[in-house]
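Colleague: The structure that follows is given in the form of C-alpha cells.
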Protein chains: 4
Amino acid sequence: MSTPGYGQVFAALRDGCPEQWQAYTRHAFVEGLGDGSLPRASFMHYLIQDYVFLVHFSRAWSLGVIKAETREEMQVCAATVNALINHEMALHVRTCAGLGIDEAALFATKEEVANLAYTRYVMDAGLQGDFIDLIAVLAPCCFGYGEIGLRLAGVAVADTPYADWIVTYAGDEYQDVMASVGEMFDAAVFRRLGPEFRTSPRWQRLQGRFTTATELEVGFWDMGLDGR
Amino acid sequence: MSTPGYGQVFAALRDGCPEQWQAYTRHAFVEGLGDGSLPRASFMHYLIQDYVFLVHFSRAWSLGVIKAETREEMQVCAATVNALINHEMALHVRTCAGLGIDEAALFATKEEVANLAYTRYVMDAGLQGDFIDLIAVLAPCCFGYGEIGLRLAGVAVADTPYADWIVTYAGDEYQDVMASVGEMFDAAVFRRLGPEFRTSPRWQRLQGRFTTATELEVGFWDMGLDGR
Amino acid sequence: MSTPGYGQVFAALRDGCPEQWQAYTRHAFVEGLGDGSLPRASFMHYLIQDYVFLVHFSRAWSLGVIKAETREEMQVCAATVNALINHEMALHVRTCAGLGIDEAALFATKEEVANLAYTRYVMDAGLQGDFIDLIAVLAPCCFGYGEIGLRLAGVAVADTPYADWIVTYAGDEYQDVMASVGEMFDAAVFRRLGPEFRTSPRWQRLQGRFTTATELEVGFWDMGLDGR
Amino acid sequence: MSTPGYGQVFAALRDGCPEQWQAYTRHAFVEGLGDGSLPRASFMHYLIQDYVFLVHFSRAWSLGVIKAETREEMQVCAATVNALINHEMALHVRTCAGLGIDEAALFATKEEVANLAYTRYVMDAGLQGDFIDLIAVLAPCCFGYGEIGLRLAGVAVADTPYADWIVTYAGDEYQDVMASVGEMFDAAVFRRLGPEFRTSPRWQRLQGRFTTATELEVGFWDMGLDGR
C-alpha cells in the first residue's frame, strides 16, 4: 500500500517524528481493530470517550474558522466542523445506541485525563499561535485516522467486529475531506512560511506541536486499552 | 403584520431599547429598500461591506460553537455558520458578480470603520463573556434582518429593485434558521439565568450589549447611505 | 488551626467536593512535605513541572484580565500575574539554580500529561465560559496551596527539608494575595449570580468545573510521586 | 531631533505607511497639544475616551502574555500590563479627578465608535493571528505616543496647558518601557520570520495590520477634535 496523500507539509511533519508516529498508527489497539482481537469493552470505552473527544475537536475546528485568513481556509474548516458533527459522530451514536447508550448520555460522559489533555492542548495551541499552529495539532488525529483506516482496510481479517469503524475512516467520504484538509494545510503553510517551509525559523516549533499531539494520540489508545 | 416570534429573550431585549431598535429597523436605508428609492450606489456600497461583515459574523458564530455547553447550542451554531457561508453570502456573491465584482475582490474589500467596529465588538463580547453574552450581540443582526425582511415583504412596492434582498430575509429558509436560533437563545438563557431571567443580576449588562450592537447596526446603515 | 478565610464562594465549592478536596490537600505528597519523608527526587520532579505549570497558570490569570468586567477584577488579576511571574516562580528558580538547573532549562521542560491536562483545561474553561467559570478553575490551586501551606506551617517537623516551600505558601505575601483573590471571587459571583448563588442554575456547572480542577491537582501530586 | 529607536521592525512598519504615519503623528490634535491651541473640551473628551481605551489596551497586552512563546515575551507583556494599569492610567485619573470625574465614572464611560473599533480590532487581531500579529497592532499606539511625546517635548511652547501629557510620554519611564517593547518585538519577529523578515510571505499582512491600526489612531484624534 502506498502512503496516502494528504500533502507535503503533513508528510514532512510525520517524517519528523517517526517513532511517535509508529507508536500511534501501529498501536496494539489499532492492530486489535484489524485482527479482531480487541476486547469489546476496550472498544466501547474508547468509543464513548472518542465521542466527547469529537465534541471538543469540533470546537477546535471552529477555532480554525476564527483564525483562517483566506476564504478557502474558512470553507474547509467550516465543512470539517459540519462533517464532524453531522457525520463522524454518527458512527459513535449509532454504535452506542445499539448498546442502549443514548446521545445525551454520551455528551455527559466524564472525560478521562488522557482525553481532556489532548483536546485542551489543541484548543490552547490555537489560542496561543496562528492558523498553522492550530492545524499542526489537528493534523495527527485527522490524517492518522485516515492512514490507519486505509491500511486496516487492506489487511483486516474478514470477520473483525470492527469493520464499521474501519470503513468509516477508509471510506471515500472521510478520505475526500482529509485530502481537502491536506491541500488546504499545504496552501496555508506556503502562504505563511513560503515553499521552503522546512527552513523557516518556525518549523521546529510546529514540529514540536505535531509531535506532542501524536504522543497524546498514543495516550488515547492506551486509555482505550486500559478500559478492558 | 404581527411581530414575528424569535423567542421571549429577544423580545425582552428589543423592548429594552425601543428607540435604538426603531432607529435600526426603520432606518432611511431600510425604507429605501422597500419603496425602491435607495440609490443603487448606496446599496452596492452596503452589499460589498456586508460581505466582509458576514465573513467576520461567521467567525463570531464559530466562536459560538466553542462557547456552547449543550449539544443543541453547538448544533445551532454550526448550522448557522454553514447557512451564513453557504447561503446568505451567496446573495452577495450573485449580485456582485452581475456587476463584475468577483468573490476574491469582495473578500479583499477594505472594511470601513463602522463595519469593523461592529464585528470586532461582537467577537470580543464573546471572548470576554460566556455563550449568552455572545448570542446577545449576535441577536440584533439576526433577528432584526428577519423582522425587516418580513415587514418589507408586506409593504414593499412591487417594482423595488431590491426584491431579491427582501426575499432573502423574508423567505422561509432564513426565517426557519432564525426561529431555531430564537428557541436556542431562550433555552440558553433559561439554562444560565433561570426562567426569571429579567431579574438576574446579569440582565442589565446583557441588555447593554444588545443595545450597543443595535446602535452599531444603525451605524452600518448610515455607512451604506454615505456610500451614495 | 481554623480554616483560613478565602471567601464564601470558595468555601461552598470546597464543601461541594469533600472527598476530592481531601484527596488533594491531604495527599501523600503533601504529608511528605510536612514530615520531611518526601524523596528529594520526587520534590525536584514536582518543582520542575510546577515551574512550567506556573508559566501556563500565569497565562490563565492573564485571560482573567481579558474577561474581567470591573476595575477590581482587572486589578486583582493583573496583580496576580505579576505575583506569579515575579514572586512565586522565584522559589522554583532559586531552588533549581542550587541544583544547576537554570531558568531557560526550566522554561523548556517537557510537560508531563498530568501537568499539561490541568493548565490547558483551565485555559479552555476560561475561553468557553465567563470570568467566574475561569476563576472557579483557578481557585483549587490558589486556595488549596494556601490551606496546605498554613496547615503544614503548624504541623511540619522542624527539620523538614521543605521548609522553604511551606514558608512560601504560608507566608503573609501569598496569604494576602489569596485573601484579595477570595474577596474578588465573592464579589464577582455576587455580581453575576446574586447573593443566593448556590441556587443559581449555573451553580452545578461551576461546582463541576471546580471539582474537575481539584481532581487534576490530585493527578499533579501523583505525577510528583511517580517521579521518584 | 533624531528618530527615537524602538527597533528595526517598528521602523520598517512605520516606513511602510508614511502617509498614515504622518496623518497620525502630525495630526491637528497633536499640534494643538504642542502649541497649546487645543480646546480644553477636546482634550477632556479625548482623555476620558482614552481611559476606556487603556482598559481594553491592557486586555490586549494581557492577550500578549497568553500568546507569548518565550520568557522574555511573557515578562515584557506582563510588565506592560502593569505599567498601563498602574502608571499610564494614573495621568488620566489624576487629571479627571481635578475636574470632579472619579475613576468609577471613567470606567463606565460610553465608548465612541472610533474608540471601540480600535481596541476590538486589536483584540481580534491577536485572537486571529499569533504573537507578532498582535504586537504589530499594539505598536502604533505604543511607539507613536513615544515619538509624539519626544518630539513635542522639544518643540512645545513653554506655557502649553498640556505639558503634563507631554511629560508622561516623553519621560524616561514611558520611553524605557517602549525601548524594551521595541527590543522584544525585534526578537519576536526574528524568532518567527528570521532576520530577513521583510521578505517573509507574512510581511505584507503584518504591514496591513500595522497600517490599519495607524489609521484607527487617526480616527481617535479626529474623535477628540469632534468633542469640541
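Colleague: May I ask for the net charge around A:I148, where only other residues with Cβ less than 15 Å from the Cβ of A:I148 are counted and Lys, Arg are +1 while Asp, Glu are -1? Show your work: numbers first, answer last.
Modeller: Numbers: positive: A:R14, A:R26, A:R151; negative: A:E31, A:D35, A:D50, A:E88, A:E147, A:D164, A:E217.
Once positives and negatives cancel, what remains is -4.
Colleague: Moving on. With a cut-off of 8 Å between alpha carbons and a minimum separation of six or more residues, what is the relative contact order of the range D:96-208 in percent?
Modeller: Numbers: 48 pairs, mean separation 23.4, N = 113.
The normalised contact order for the range D:96-208 reaches 21 percent.
Colleague: Note down the magnitude of the dipole of chain D about its Cα centre, charges +1 on Lys and Arg C-beta and -1 on Asp and Glu C-beta and zero elsewhere, to the nearest 20 debye.
Modeller: Dipole of chain D, to the nearest 20 debye: 440 debye.
Colleague: Still on this model: Read phi for every residue in the range B:201-217 and hand back ³J(HN,Hα) as whole Hz from Karplus 6.51 cos²θ - 1.76 cosθ + 1.60, θ = phi - 60°, with x for Gly and Pro.
Modeller: My calculation for the range B:201-217 gives x, 8, 4, 4, 5, 4, 4, x, 5, 4, 5, 4, 5, 5, 4, 5, 5 Hz in order.
Colleague: Within a 10 angstrom radius of each residue's Cβ in B:146-154, how many Cβ atoms of other chains show up on average? Whole number is fine.
Modeller: 0
Colleague: As a test of the definition: with a 1.4 Å probe, what buried accessible area, both sides summed, do you compute for C against B, in Å² to the nearest 100?
Modeller: Chains C and B together bury approximately 1500 Å².
Colleague: Kindly provide the helix-only [θ] at 222 nm of chain D, computed as the sum of -39,500 (n - 2.57) over DSSP H runs of four or more divided by all residues, to the nearest 500 deg cm²/dmol?
Modeller: Details: 12 runs with 174 residues, N = 228.
Mean residue ellipticity, 222 nm, calculated: -25000 deg cm²/dmol.
Colleague: I need to check one value: relative contact order of the range B:1-151, counting alpha carbon pairs closer than 8 Å and at least 6 residues apart, in percent.
Modeller: Details: 94 pairs, mean separation 47.4, N = 151.
Once normalised by length, the contact order is 31 percent.
Colleague: On the rotation axis linking copies C and D, which residue of C comes nearest by its Cβ, and by how many whole Å?
Modeller: Axis relating chain C to chain D; nearest Cβ residue and distance: C:S62, 2.
Colleague: Short version: ³J(HN,Hα) in whole Hz for each residue of the range D:159-175, in order, from phi by Karplus 6.51 cos²θ - 1.76 cosθ + 1.60 (θ = phi - 60°), x for Gly and Pro, what are they?
Modeller: Each residue's phi maps through the Karplus curve to give 9, 4, x, 9, 4, 4, 4, 4, 5, 4, 8, 7, x, 4, 4, 5, 5 Hz.
Colleague: What average number of partner chain Cβ atoms lie no more than 10 Å from the Cβ of the residues making up C:204-216?
Modeller: Numbers: counts 0, 3, 0, 0, 1, 0, 0, 0, 4, 0, 0, 2, 3.
Average neighbour count from other chains, rounded to a whole number: 1.
Colleague: Tell me, rounded to the nearest percent, the portion of alpha carbon pairs in the range D:79-215 spaced more than 22 Å apart.
Modeller: Working: 4560 of 9316 pairs.
Result for the distance tail: 49 percent.
Colleague: Here's something else I'd like to know. What gaps in nm, shortest first, separate C:E19 from its twins in the other copies when you place the label 7 Å past Cα toward the beta carbon?
Modeller: Result, one decimal in nm: 3.9, 5.8, 7.0.
Colleague: I'd like the orientation of helix C:131-155 relative to chain C: the angle between its Cα long axis and the longest Cα principal axis, in ° from 0 to 90, rounded to 10.
Modeller: Result, in degrees: 40.
Colleague: Mind checking the dipole of the range B:1-118: about its Cα centre, +1 per Lys or Arg Cβ, -1 per Asp or Glu Cβ, Debye to the nearest 20?
Modeller: 100
Colleague: For the range A:8-226, which whole percent of the accessible surface, found with a 1.4 angstrom probe, sits on carbon and sulfur atoms? Spell out each step's value before the answer.
Modeller: Numbers: 3880 of 7180 Å².
After summing per-atom areas, the C and S share lands at 54 percent.
Colleague: In a shell of Cβ-Cβ distance under 12 Å around B:V218, excluding B:V218 itself, what net charge do Lys and Arg (+1) and Asp and Glu (-1) give? If you can, show how the numbers build up before the last one.
Modeller: Values: positive: B:R26; negative: B:E19, B:E215, B:E217, B:D222.
The answer is -3.
Colleague: Quick check: the distance between the Cα centres of the range B:98-142 and the range D:1-79, to the nearest angstrom?
Modeller: 25
Colleague: Taking each residue in A:65-78, count the Cβ atoms of any other chain within 10 Å of its Cβ, then average. What number comes out?
Modeller: 5
Colleague: A further question on this structure: At each listed q (0.04, 0.05, 0.06, 0.10 Å⁻¹), what is the log10 of I(q)/I(0) that the Debye formula gives for the protein assembly as shown modelled as equal alpha-carbon point scatterers?
Modeller: Listed by q, the Debye log ratios stand at -0.18, -0.29, -0.42, -1.24.
Colleague: Before I look further, what does chain B give for accessible area per residue, probe 1.4 Å, in whole square angstrom?
Modeller: Working: 7850 Å² over 228 residues.
For chain B, the per-residue accessible area is 34 Å².
Colleague: Which order do B:D222, C:D226, A:D102, D:D124 take by accessible area at a 1.4 Å probe, largest first? Walk me through the numbers on the way to the answer.
Modeller: Details: B:D222 65, C:D226 125, A:D102 90, D:D124 5 Å².
If we order B:D222, C:D226, A:D102, D:D124 from most to least accessible, we get C:D226, A:D102, B:D222, D:D124.
The values are calculated or read from the model by the stated rules, or taken from the named source; none is laboratory data. Because the structure is a prediction, the values reported are computed rather than measured. Positions of Cβ are generated from backbone atoms using ideal geometry, with glycine treated the same way; all protein chains shown enter the neighbour counts. Ligands, DNA and RNA are stripped out before the accessible areas are found, and what is left, the full protein with its side chains, is counted by its heavy atoms. Shrake-Rupley method; radii C 1.70, N 1.55, O 1.52, S 1.80 Å.
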